[in-house]
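Below you'll find the structure, written out as C-alpha cells, and then a few comments.
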2 protein chains.
Amino acid sequence: MSGKGNQSPSDGDYVNYSHGLASLLESSGIKPGDRIRISYKGREIEGELMPKPEIGDSDVLVVKLDNGYNFGISYKKAKISLVSTSKGTISFPKASVKNHGGLPKVTMIYTGGTIGSRLDYKTGGVYMLAKPEELLYEVPEISELADMDVVPLMSVASEDMSYLEWKRIAEEAAKAANSGSTGIVITHGTDTMHYTSAALSFMLDGIGVPVVLTGAQRSSDRGSSDAFMNLFCSVAYAAKSNISGVGICMHASSSDDKCMFIRGTKARKMHTSRRDAFRPINDLPLAFIDSKGVVSPNPAASVGAAGERPRNFKPKLGFEGKTALVKIFPNSDPEVLEFYIGRGYKGIILEGTGLGHLPVSTPHKEFNWLAKVKSAVDSGAIVGITSQCIYGRTNSNVYRNLRLLSNTGAIHCGDMTPETAFVKLGWLLGNHKREEVPALLGKNLVGEINERIRYDQFLV
Amino acid sequence: MSGKGNQSPSDGDYVNYSHGLASLLESSGIKPGDRIRISYKGREIEGELMPKPEIGDSDVLVVKLDNGYNFGISYKKAKISLVSTSKGTISFPKASVKNHGGLPKVTMIYTGGTIGSRLDYKTGGVYMLAKPEELLYEVPEISELADMDVVPLMSVASEDMSYLEWKRIAEEAAKAANSGSTGIVITHGTDTMHYTSAALSFMLDGIGVPVVLTGAQRSSDRGSSDAFMNLFCSVAYAAKSNISGVGICMHASSSDDKCMFIRGTKARKMHTSRRDAFRPINDLPLAFIDSKGVVSPNPAASVGAAGERPRNFKPKLGFEGKTALVKIFPNSDPEVLEFYIGRGYKGIILEGTGLGHLPVSTPHKEFNWLAKVKSAVDSGAIVGITSQCIYGRTNSNVYRNLRLLSNTGAIHCGDMTPETAFVKLGWLLGNHKREEVPALLGKNLVGEINERIRYDQFLV
C-alpha cells in the first residue's frame with residue numbers, strides 16, 4: 001500500500017457502498033479515483049475506482065478501465081490492491097481559448113449533453129464540464145479555423161429539453177448572428193437533437209448564417225469519443241460553409257474520417273449508441289466535412305446558398321406547448337384523442353402506419369379512430385397524419401381508408417418525419433392564425449417537405 | 001364514337017361527378033371502365049376512366065394509365081374521347097388451383113391487404129379479390145413447388161388488424177400445422193405485418209414448421225406489383241425451409257431478383273411505398289429466396305433448425321388488450337400515463353429517446369415523467385422502456401437519468417423494437433402471472449432480444 005500519502009478517507013467517500021466493502025476499502029487505504037488492481041479467477045485488471053452510484057448492488061465495486069468502459073465485481077469474489085492514488089481532480093490543460101484574430105468569428109452556444117460531459121465521480125455517471133471552454137482545450141486545431149466566442153447558455157440533458165429551451169437557444173443564436181458571427185455551433189445532447197434542429201429551422205428561418213448542432217455519442221473521457229471530431233468539423237462548417245440555415249453535423253460513418261451536415265428538418269437519431277447514429281431521412285447529406293476541416297457540399301443535394309444576412313434578424317419564437325405526438329398501434333385506444341382535447345391541446349400529430357393509415361374500418365368499434373379524429377378536428381384542433389415507417393411519404397388517396405381519414409379534415413404531412421411534423425405544428429400554432437395552419441402544415445416552408453424522394457434516400 | 005354499342009349509361013355510373021362532367025361523359029357515350037383519350041396542352045394520354053371516389057374535386061376525371069398510376073385532370077382543361085368500351089368486368093384466368101399431388105403441402109391463409117386487392121371500380125380505390133385462389137392463378141409456377149390448400153380466413157385491412165385477429169390467425173395456423181402442412185403462408189396487409197409477425201412468433205412458439213407472412217406494397221393490377229414474386233418466394237420458403245417459426249418474406253431489394261426472410265420479432269416496415277420496405281432491425285435476414293425458388297439460409301444469421309414437429313401443437317393465444325405503446329417527445333405530457341392507468345391498462349411500453357431516456361430531471365415540473373412512471377408501476381402496471389431510435393438497444397445505467405428511471409421498476413427492453421416490445425408485453429400479460437412478467441419482458445424468449453448487435457445490422 002505504498003504511495004497513498006497521509007489522507008484519511010472520510011465517510012463521504014464511501015457513500016452507497018455496503019458496510020463490508022467500505023470497510024475493506026478504508027483499511028486498504030483506497031479512495032474513489034485511485035487506480036486499483038483487481039484479481040479474480042486468476043485474472044488481473046486495473047482501473048480507476050469509481051464512486052458508488054445510488055442504485056445497484058452495494059457489494060459491487062466498479063472501476064473505469066483504460067478503454068473507457070466500466071467493470072464491476074462483488075468485493076467478495078476479488079482481491080483488490082492500490083496501484084496509485086488519484087491525482088485529485090481530472091486535469092485539463094490550463095490553456096484558455098486563444099483567438100488569433102482575423103479569422104471568421106464562430107459562436108459556440110453550449111447547452112449540455114454528452115459532448116460536455118465527463119465521468120461524474122459523485123454518481124458514477126457523467127458530469128458536465130465546469131466550463132464549456134474545456135471542450136476547446138482538447139481541440140487546439142479549432143483556433144486555426146475560427147475566432148471562437150463561447151456562450152455557456154445552459155446545461156440541460158437532451159431528454160429534458162423542451163420548447164422553452166428551444167426558444168432560449170434560438171434567441172441566443174439570433175443574438176450571435178446579429179452581433180456579426182460568421183456561423184454558430186450549438187453543442188447539444190443527442191437524444192432530441194433532431195427535434196431541436198427542426199425547431200430552430202423554423203424559428204431561425206432567414207438567419208443568413210450556418211447554424212450547426214453537434215454533440216457526442218460517447219463522452220469525452222472515452223477513447224472512442226466522437227466529441228472532438230464532431231466539434232472540429234462543426235466549427236469548420238460554421239466558419240466556411242456558404243449554406244445558411246440549421247442542420248446537424250455528426251459522424252458520417254463509424255470511422256473518424258468525416259462528418260456530414262444534415263438538414264435540420266430531415267435528420268433523425270437512428271441508433272442508440274453508434275457514432276454515425278444521425279441519418280438524413282428522405283434526403284441526402286448537404287455536405288461532408290473531413291478531418292482536415294475541408295467542407296465539400298454534396299452536389300446531389302439541393303440547397304440554397306446563403307442569402308444576404310439580415311441586419312437585425314428577429315427569430316419567430318412562438319410555440320404552442322399543447323401539441324402532441326401520438327403513435328397508432330394495433331388495438332390502440334382512440335379515447336386518447338379526447339384526453340388531449342380535454343387537456344386543451346390545439347394540435348395533434350398522429351403517427352399512423354404505412355401511407356398514413358389509422359384503423360378506420362375495423363369491425364371492432366372500440367378500436368376505430370375515425371369518429372374521434374373527426375370530433376378532434378371539429379373541436380378546432382389541427383390533426384396531422386404522418387407515418388411510423390419513417391421513410392417515404394403519406395398519401396391521402398390510394399385506399400378508401402385513407403380517403404375516409406382525409407375527409408375528416410386531418411392533414412397529411414407528406415414526407416416529414418413524425419418528429420419534424422410535431423415540431424412544425426407546434427411552431428405554426430405559435431406563430432400563425434389557426435385558420436392558416438392546415439394549409440401551411442402540408443406545404444414546404446424551410447426544406448421540411450420534399451416533392452420527390454430520390455431512390456438513394458432510403459437507409460442512407 | 002364508334003364501338004359504344006347500345007347501352008345507355010345510367011345515373012349511377014356518374015355518382016360523385018359534377019353535373020357538367022357527368023353531362024359531358026354521357027353525351028360522349030363514355031362510362032367508367034371505358035378506355036378514353038385525353039388531350040390537353042398539346043399532349044395526349046390514354047387510360048381507363050375510373051369511377052369517381054366520394055371525395056375530391058367533382059370536376060376532375062381520373063384515368064388509370066397503363067403503367068398502373070392514376071392521372072386526374074379537370075374536364076374543363078381537356079378534351080376527351082372514347083377509345084374503346086369496357087370489357088365489363090376484369091377477367092381472370094378461369095383455372096382453378098391445380099395440385100399435382102406428392103409435393104409438400106403448404107397452407108395459404110388469406111387475411112386481406114393489398115396482395116389480395118385490385119382496383120375498385122365502385123370507389124376508385126381497391127377491392128378485395130372475390131376468391132383468394134385468384135392470387136394463385138397468376139403464379140402458376142407455385143404448383144411446381146407445393147400442393148396448395150387455401151384458407152380464406154378474413155378480409156381485413158392491415159391497419160384494422162387487432163389482437164383479436166392475431167388470435168384467429170394463430171389458431172388457423174396451428175390447425176394447419178396439426179393437419180400435416182409442411183409450411184404455412186399467411187397473406188396480410190403490410191402496414192402492421194410486423195406487429196402480427198411478432199404476435200405470431202410468441203403465440204406459435206414451438207409450432208415446428210415455417211410460418212411465412214407475406215404481402216404486397218403495390219396491388220396486383222399494377223405492372224410494378226410485388227405480389228406475385230413475394231407469394232412465389234414465400235411458398236418456396238414454406239415448402240423447403242428447415243427453419244421453423246414465424247417470419248416475413250418480402251422483396252430484399254427494389255429489383256425483382258430475390259426476397260428475404262426476416263425473423264418475425266425483428267422485422268419492421270421502414271418505408272411507406274418501396275417494395276423492399278421490410279428490413280431486419282438489429283438482425284440480419286435469416287434466408288434469401290431467389291426467383292427460381294431456391295432457398296439460401298444466411299450463414300451470418302443465427303437460427304435454430306426446425307425441431308421435431310409437435311403432434312398436437314397448442315398455440316398460446318392469450319393477449320392483454322389493455323396494453324399501450326406511448327411515444328415520448330419534448331414537452332410530452334406525463335399525465336397520459338394516468339389516462340391509461342385510469343382506463344384499466346395493465347402494461348405500457350414507453351418509446352423513449354436515445355438509450356431509453358424520458359425527461360426525468362427537467363426543470364419544468366409539468367414535463368417530468370419520473371413520478372408518473374413510478375406511480376404507474378406502483379399501481380401494478382408493467383412499464384417497459386424502448387427507444388425511438390429503432391436501431392440499437394436501451395441501457396439502464398450509463399447516465400444518472402437512466403438509473404433514476406430504472407429505480408422506478410420500469411423494465412428496459414434491450415434491443416427489441418418498440419413494436420415488438422408492445423406485442424410481447426401484451427402477450428406476456430395474457431399468458432403469465434403478473435409477477436412473472438417483468439423478468440420475462442427483459443429476457444429473450446423466441447429470438448426477440450439479441451445479446452449482441454453486429455456492426456452490419458444497422459440500416460440493412
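The table below gives the values:
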{"item": "Whole-Hz ³J(HN,Hα) from phi, Karplus 6.51 cos²θ - 1.76 cosθ + 1.60, for segment B:423-433, glycine and proline x", "result": "5, 4, 5, x, 5, 4, 5, x, 10, 10, 5"}
{"item": "Crossing angle, helix B:227-240 versus chain B [Cα axis fit, 0-90 degrees, rounded to tens]", "result": "50 degrees"}
{"item": "Two-decimal Rg/Rh across chain A, once Rg and the Kirkwood Rh are taken from alpha-carbon atoms", "result": "1.05"}
{"item": "Cα-based Rg of segment B:145-230 normalised by 2.2 N^0.38 Å, two decimals", "result": "1.10"}
{"item": "Estimated vicinal HN-Hα couplings, Hz - segment A:410-422 in sequence order (Karplus 6.51, -1.76, 1.60; Gly, Pro = x)", "result": "5, 9, 7, 9, x, 9, 5, 5, x, 5, 5, 4, 4"}
{"item": "Distance between segment A:224-256 and segment B:413-460 - C-alpha centres, whole angstrom", "result": "35 Å"}
{"item": "Inter-centroid distance (Cα atoms) of segment A:326-365 relative to segment B:181-197, Å", "result": "24 Å"}
{"item": "Calculated FRET efficiency for the pair A:ASP57/B:ASP378, C-beta based, R₀ 25 Å, to 0.05", "result": "0.65"}
{"item": "Overall dimensions of segment A:256-388 by Cα: Rg and Dmax, Å", "result": "20.5, 61"}
{"item": "Per-selection Kirkwood Rh - the protein assembly as shown (Cα, Å, 1 d.p.)", "result": "29.8 Å"}
{"item": "Computed FRET value (nearest 0.05) for A:TYR137 with B:ASN298, which takes r as the C-beta separation and R₀ as 41 Å", "result": "0.30"}
{"item": "Fraction of alpha-carbon pairs over 21 Å apart in segment A:323-460 - percent", "result": "36 percent"}
{"item": "Amide H partners (placed H, <5 Å) of B:ASP147, local residues excluded", "result": "B:LEU103, B:LYS105, B:VAL106"}
{"item": "Three-way shape call for segment B:301-355 based on the alpha-carbon gyration tensor, with the a/c threshold at 1.5", "result": "oblate"}
{"item": "Amide H contacts of B:VAL156 (H built 1.01 Å from N, under 5 Å, at least 5 apart or other chain)", "result": "B:GLY112, B:GLY113"}
{"item": "Nearest-20 debye value, chain B charge dipole, Cβ charges on Lys, Arg, Asp, Glu", "result": "480 debye"}
{"item": "R0 of 22 Å, Cβ-Cβ distance A:ARG452-B:SER74: FRET efficiency to nearest 0.05", "result": "0.40"}
{"item": "Gyration tensor verdict on segment B:254-307 (Cα atoms; rounded if a/c is under 1.5, prolate if a/b is larger than b/c, oblate otherwise)", "result": "oblate"}
{"item": "Amide H partners (placed H, <5 Å) of A:PHE278, local residues excluded", "result": "A:MET270"}
{"item": "Computed Rg/Rh of segment A:359-437, alpha carbon atoms with Kirkwood Rh", "result": "0.98"}
{"item": "Gap separating the Cα centres of segment B:141-176 and segment A:258-280, nearest whole Å", "result": "39 Å"}
{"item": "Vicinal HN-Hα couplings computed from phi for segment A:276-283 (Karplus, 6.51 cos²θ - 1.76 cosθ + 1.60; Hz; Gly/Pro x)", "result": "9, 5, 7, 10, x, 10, 6, 7"}
{"item": "Dimensionless Rg over Rh [segment A:124-279; C-alpha; Kirkwood]", "result": "0.92"}
{"item": "Spin-label model distance (nm) - A:HIS432 vs B:LYS433, 7 Å beyond Cα toward Cβ", "result": "5.7 nm"}
{"item": "Cleavage-rule hits, GluC sites (Glu not before Pro), segment A:385-451, DSSP coil, Cβ neighbours within 10 Å at most 15", "result": "A:GLU451"}
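Quick note: the coordinates plus some simple rules give every number you see, no bench work behind them. Quick caveat, the model's predicted, so the values are computed rather than measured. Positions of Cβ are generated from backbone atoms using ideal geometry, with glycine treated the same way; all protein chains shown enter the neighbour counts.
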